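Scroll down for the structure; my scribbles are underneath it.
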Amino acid sequence: MDRQGDLFESSFWQDVSHGRIYYQPDFLSRIEAVHYFSRLRATLPWHQEHIMMFGRSVLQPRLQAWHGDTAYTYSGLTMRPSPLTPELNELKVRCEAVAPTTFNSVLANLYRNGQDSMGWHQDNEPELGTNPVIASLSLGETRRFVLRNLHCKTQIEYELSPGSLLIMAGELQHHWKHAVPKTAKLKGERINLTFRHIVT
Ligand SMILES: O=C(O)CCC(=O)C(=O)O
Ligand SMILES: [Mn+2]
């Protein structure tokens, strides 16, 4: 069996309508999750960006950092890359051990409290290729992550706790949107890393 076949055999993979999802709540130990949260919080060049929404420039409700070899453009925003830090590189290698691909970039998101969020979107920029594999690693506060099927409106929800890994694969980005909604609950900081492969 090829590497891809082997990897999809793992019991953490689930087939959904037009896509595949890998979900492992304890991908990192609690100690590792605390360690990586504090290192990434202290060392990544976090910044808040403006993006174009309905023709207007608005501040994104979260901080971000973009690491890898190439610039990345979405919603009218081009992010210049910083090199992968030692911690990002360690986590990239860990994710590659279970993902059916390799990664060359990571978008890091910092949600400062429950009012920070990520709106409904698909990770379907052309430079991600036809069927992108996106590995999403969560650290810090637990937040709700929701996927919604574009055709039947079925929703799948996860409470993404620290150290959990969720991978979206197959045709999923063509048929589902995903979001991290705002919440009125008191929430501390959460870091999410989305490892991607940018086709150059
Ligand atoms: O924070 C998350 O869990 C999701 C982040 C995400 O969807 C993205 O960076 O594209
Ligand atoms: Mn996304």
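The values are calculated or read from the model by the stated rules, or taken from the named source; none is laboratory data. Quick caveat, the model's predicted, so the values are computed rather than measured. Note that each Cβ is placed from the backbone with ideal geometry, even for glycine, and that neighbours are counted across all protein chains shown.
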Item to complete: Give Arg144, Arg148, Arg190 a once-over and let me know the one that is within 16 Å of ligand 2 (Cβ to nearest atom), surrounded by fewer than 21 Cβ atoms within 10 Å (Cβ to Cβ), more than 13 Å from His18 (Cβ to Cβ) and charged (D, E, K, R).
Response: Arg144
Practice prompt. Would you tally the residues in region 62-105 being touching a Gly at 6+ places or on another chain (Cβ under 9 Å) and without any contact (Cβ under 8 Å) to a residue 40 or more places away in the chain?
Written response: 4
Worksheet, complete the sentence: Filtering region 157-187 down to residues that are in a strand (DSSP E or B) and either exposed (fewer than 14 other Cβ atoms within 10 Å of the Cβ) or at pLDDT below 95 (or both) yields Glu157, Glu159
Worksheet, complete the sentence: By residue number, the members of region 54-100 that are surrounded by 12 or more Cβ atoms within 10 Å (Cβ to Cβ), assigned to a loop (DSSP other than H, G, I, E, B) and more than 16 Å from ligand 2 (Cβ to nearest atom) are Thr70, Ala71, Pro81, Leu84, Thr85, Val98, Pro100
Worksheet item: Can you name the residue in region 1-51 that is polar (S, T, N, Q) and under 25 Å from Asn124 (Cα atoms) and, of all such residues, is modelled with the highest pLDDT?
Response: Gln24
Discussion item. Looking at region 32-53 only, could you name the residues that are touching a Pro at 6+ places or on another chain (Cβ under 8 Å) and either surrounded by fewer than 17 Cβ atoms within 10 Å (Cβ to Cβ) or assigned to a strand (DSSP E or B) (or both)?
Written reply: Val34
Response to the item:
If we ask which residues in region 178-191 are within 13 Å of the chain's Cα centre (by Cα) and either charged (D, E, K, R) or more than 22 Å from Asn131 (Cβ to Cβ) (or both), their number turns out to be 3
Discussion item. I'm trying to understand the selection: among the residues of region 106-156, which are touching a residue at least 12 places away in the same chain (Cβ under 8 Å), farther than 21 Å from His35 by Cα and in a strand (DSSP E or B)?
Written reply: Met118, Gly119, Trp120, His121, Ile134, Arg144, Phe145, Val146, Leu147, Arg148, Asn149, Ile156
Worksheet item: What residue, of Arg62, Arg56, is among the basic types (Lys, Arg) and touching an Asp or Glu at 6+ places or on another chain (Cβ under 7 Å)?
Response: Arg62
Worksheet item: Right, Asn113: more than 15 Å from ligand 2 (Cβ to nearest atom) and more than 16 Å from Met168 (Cα to Cα) or not?
Response: yes
